[in-house]
Amino acid sequence: MLRLLTLVTLFAIAAACTQAPAATIDKPVGDGADWERFGRTYSETHFSSLSEVNAGNVRRLGLAWFQDLPVGPSVGVSQPLAIDGVLYFAVGYSVIYAMDAASGRLLWQYDPDVFARAGYKLRAGWGVRGIAYSSGKVFTATLDGRLIAIDASNGKPVWSAMTVEPNDSRYITGQPYVMNGKVVIGHGGADYAAVRGYVTAYDENTGKQLWRFYTVPGNPAEGFENEAMAMAAKTWTGEWWKFGGGGTVWNAMAFDAESNRLYIGTGNGSPWNRKIRSPGGGDNLFLCSIVALDAGTGEYLWHYQINPGESWDFNASMDLELTDLTIEGKPRPVILTAPKNGFFYVIDRRDGRLVSAKPFARTNWAERIDLTTGRPVEIASARYDGAPAIVFPSAYGAHGVEAMSFNPMTGLVYLPARNLGAVYADPPDLRSWTHAPGMVINSGVGAAPASMVPPPSEGWLAAWDPVAQHEVWRVALKHTHNGGTLTTAGNLVVQGQATGELSVYSADTGKRLWSFDAQNGIMAAPITYLAHGRQYITLLVGWRAANDSGDGLLWDYATQKRRVLTFALDKNTALPAAQRIDRPILDDAEFTVDSAKAAIGAQAYYGDCFVCHGEQLRAGGAAPDLRKSPVPLELNALTAVVRDGALRGRGMPAHEQLTMLQIEGLQHFIRMTARQDLQSGAH
């Protein structure tokens, strides 16, 4: 039966706006001059009502200015904001820049000194993905868990609040969310440790905590915070609280001002594998769910669970975009979302009822989503019970954090999509499994058999009709992982690619109208805004990957150019000539590899290092390529960096838990792998 509950009376459907082919026009904030939110408006659709740059004149678009950014982790994954002619953005670990949006002149810079504070949480590896703005303040959050308000006029901190508990494994990479005088923040960490998810609201002027909502239930012996947690606990089995539970809110939120509701998207379980955290089965609420909260009090209103009892890291943390669609001749207020699991969902935002769901990418874990119950009709083998299984999508998802956009004038969603499968298997110690210490991935999923290899992956840009639930057009892309999208009233879709190409397409047909060589891979979504009466388009450029399906081999951490690029009509600034530097793999002919020590090093590497440095050391931009680094050539240097944190200020965390035997093993594993690649001619 239906798995959603509601504690509120349905509110009346708002009067319909001017009709587009399949949707009502999104209600813009102001005249579109500013880009004040992650998705520009409360609707979070990444749509701009500006049309000075349009399909008829976009060929005149050129680079207005650029600014090089420092070498560092995750510099290019964040999306800017633009308010009153000032551009604000974060790079790496929440270092905030304010620039004149028309000229690129630096106005101020704020560094929250994360490297000195985050400690072992630096091992999570990710930088910040966005910031927020409200009432003259810029808000950012940090890997160590702080939420900080900054005076937008001068870059001085106004207040700071610690949002996580001392010595826990929660960290923050997502953007804060502002609404009605409150700033809301979640966190990550469920992939690494026994973490219980929550979101917290703070007063935007003082930093005082106003409310907190937990997303999964805690230990019943300690009592439940509210009726929602008591209800959710009935869907768990075993001693789930000892594993944390998960359900972290690390990305997607949206606010419905009419109903004063905050919608949050929750993450995967801790660990992913339900057989460990909830051995008797159960839906495990509110994992992988969209949850509606009263924005004033944080009280639970309703939920829709994307993946009951999830076991694949199919979280529901991707874009939640709000609009009104005309369905069966009637306007309907809905949430649009394309989560990792490969189905595109349209959900009534009044009560959480499923309107429709269809696959937009390859899915073999479920036949369909039952519209009566709202539940997936699963394919039993996908739960890898007793035998490994190749599952589509993988944990990277058919759609990830790269923003999709919705254009109410065409009625289409522009979705960065991919087909990418993975092998799922139970670990050999299923019954005795425990979290490994030290901020390492703790998925609860076992190693894949060598004989099971997923087929090649692919990526594309899809124009998706959310009413008819089908693809209208598609642009095939060269690589699997590509950037987020922006769409405008000028009939444009703007997206960057892994190849470094920034492309503009016709929103209605998908025809490529313009392109630019950004000289680096693009992950973040562009924004557009007015400065001094002129329309600009800005995005951050930088590649952060760890050898994902070959994409990570495109851009080297040490040599790639990280930049902010800004475009306008009739501008012709040129980037310096691209200089791709292919650094050689290093070796020491006098070094003798000990295979036993290399085996110890391989185990340490795949426990602590590969998330950033890549499979078989082939880093793809997230961290230095260790085959090409001089540090591992000398054991004392490797020890200083890996164990003692000599390069902590450049983003390399200390791994003080590693023994000298393991560090020496790392040296042998690195030398062995580098030598093998030299012999095979690999790069």
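The values are calculated or read from the model by the stated rules, or taken from the named source; none is laboratory data. Computed from a prediction, not measured in an experiment: that's the story for all the values here. Note that each Cβ is placed from the backbone with ideal geometry, even for glycine, and that neighbours are counted across all protein chains shown.
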Within region 170-193, can one find any residue that is out of contact with any Lys or Arg (no Cβ under 9 Å at 6 or more places or on another chain), modelled with pLDDT of 95 or more and farther than 28 Å from Glu299 by Cβ?
no
Going by the conditions given, is Val164 at pLDDT 95 or above, more than 26 Å from Gly621 (Cβ to Cβ), in a strand (DSSP E or B) and among the β-branched types (Val, Ile, Thr)?
no
Sort through Val138, Val95, Val114 and tell me the only one that's under 24 Å from the mean Cα position of the chain (by Cα), over 30 Å from Asp608 (Cβ atoms), among the β-branched types (Val, Ile, Thr) and in the same structural domain as Ile172 (by TED's automatic domain parsing).
Val138
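Here is a yes/no grid of residues against (1) among the small types (Gly, Ala, Ser); (2) crowded, with 21+ Cβ neighbours inside 10 Å:
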position: Tyr88; (1), (2): no, yes
position: Ser94; (1), (2): yes, yes
position: Trp108; (1), (2): no, no
position: Asp111; (1), (2): no, no
position: Ala116; (1), (2): yes, no
position: Gly119; (1), (2): yes, no
position: Arg123; (1), (2): no, yes
position: Trp126; (1), (2): no, yes
Pull out all pairs, ordered by first then second residue, where Cβ-Cβ is under 6 Å, the residues are six or more apart or on different chains, the first lies in region 141-157 and is in the same structural domain as Gly85 (by TED's automatic domain parsing), and the second is basic (Lys, Arg) and surrounded by fewer than 17 Cβ atoms within 10 Å (Cβ to Cβ).
Asp144/Arg117
So, in region 279-302, of the ones that are within 17 Å of Thr248 (Cα to Cα) and β-branched (Val, Ile, Thr), which residue ends up surrounded by the fewest Cβ atoms within 10 Å (Cβ to Cβ)?
Val291
Wholly inside region 451-555, strands (runs of 3 or more DSSP E) that include 2 or more residues that are in contact with a Gly (Cβ under 7 Å, 6 or more places away or on another chain) are 458-465, 470-477, 492-496, 534-541
Mind counting the residues in region 199-225 that are in a strand (DSSP E or B) and of a type in the set (Ser, Thr, Tyr)?
3
Only unsatisfied item for Ala228, checking (1) touching a Gly at 6+ places or on another chain (Cβ under 9 Å); (2) outside any strand (DSSP E or B); (3) of a type in the set (Gly, Ala, Ser), is (1)
Does Arg353 count as buried (at least 24 other Cβ atoms within 10 Å of the Cβ) and among the basic types (Lys, Arg)?
no
Residues Gln109, Gln67: which one is touching a Phe, Trp or Tyr at 6+ places or on another chain (Cβ under 9 Å) and not assigned by TED's automatic domain parsing to the domain that holds Asn167?
Gln67
Please tell me if Ala462 is out of contact with any strand residue (DSSP E or B) (no Cβ under 6 Å at 6 or more places or on another chain) and not polar (S, T, N, Q).
no
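Residue-by-condition table, conditions (1) under 30 Å from Ala525 (Cβ atoms); (2) within 24 Å of the chain's Cα centre (by Cα); (3) not assigned by TED's automatic domain parsing to the domain that holds Val249:
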{"position": "Arg350", "(1), (2), (3)": "yes, no, no"}
{"position": "Ala361", "(1), (2), (3)": "yes, yes, no"}
{"position": "Ile369", "(1), (2), (3)": "yes, no, no"}
{"position": "Ser381", "(1), (2), (3)": "no, no, no"}
{"position": "Asp385", "(1), (2), (3)": "no, no, no"}
{"position": "Ala398", "(1), (2), (3)": "yes, yes, no"}
{"position": "Met404", "(1), (2), (3)": "yes, yes, no"}
Given the structure, is Glu458 under 25 Å from Ser78 (Cα atoms) and of a type in the set (Asp, Glu)?
yes
With (1) in a loop (DSSP other than H, G, I, E, B); (2) touching a Phe, Trp or Tyr at 6+ places or on another chain (Cβ under 6 Å); (3) not polar (S, T, N, Q) as the list, and Lys628 as the residue in question, which single condition is left unmet?
(2)
Confirm whether Asp348 is under 22 Å from Tyr300 (Cα atoms), without any contact (Cβ under 8 Å) to a residue 24 or more places away in the chain and touching a strand residue (DSSP E or B) at 6+ places or on another chain (Cβ under 8 Å).
yes
Would a scan of region 406-419 turn up a residue that is modelled with pLDDT of 95 or more and of a type in the set (Val, Ile, Thr)?
yes
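Conditions tested, residue by residue: (1) among the β-branched types (Val, Ile, Thr); (2) surrounded by fewer than 21 Cβ atoms within 10 Å (Cβ to Cβ).
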{"residue": "Gly136", "(1), (2)": "no, yes"}
{"residue": "Val183", "(1), (2)": "yes, no"}
{"residue": "Ala190", "(1), (2)": "no, no"}
{"residue": "Ala201", "(1), (2)": "no, no"}
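Each row is one residue, and each column tells you yes or no for (1) at pLDDT below 95; (2) closer than 30 Å to Glu52 by Cα; (3) not aromatic (Phe, Trp, Tyr).
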{"position": "Ser457", "(1), (2), (3)": "yes, no, yes"}
{"position": "Trp460", "(1), (2), (3)": "no, yes, no"}
{"position": "Ala468", "(1), (2), (3)": "no, no, yes"}
{"position": "Leu486", "(1), (2), (3)": "no, yes, yes"}
{"position": "Gly490", "(1), (2), (3)": "no, yes, yes"}
{"position": "Val493", "(1), (2), (3)": "no, yes, yes"}
{"position": "Ala498", "(1), (2), (3)": "yes, yes, yes"}
{"position": "Glu501", "(1), (2), (3)": "no, yes, yes"}
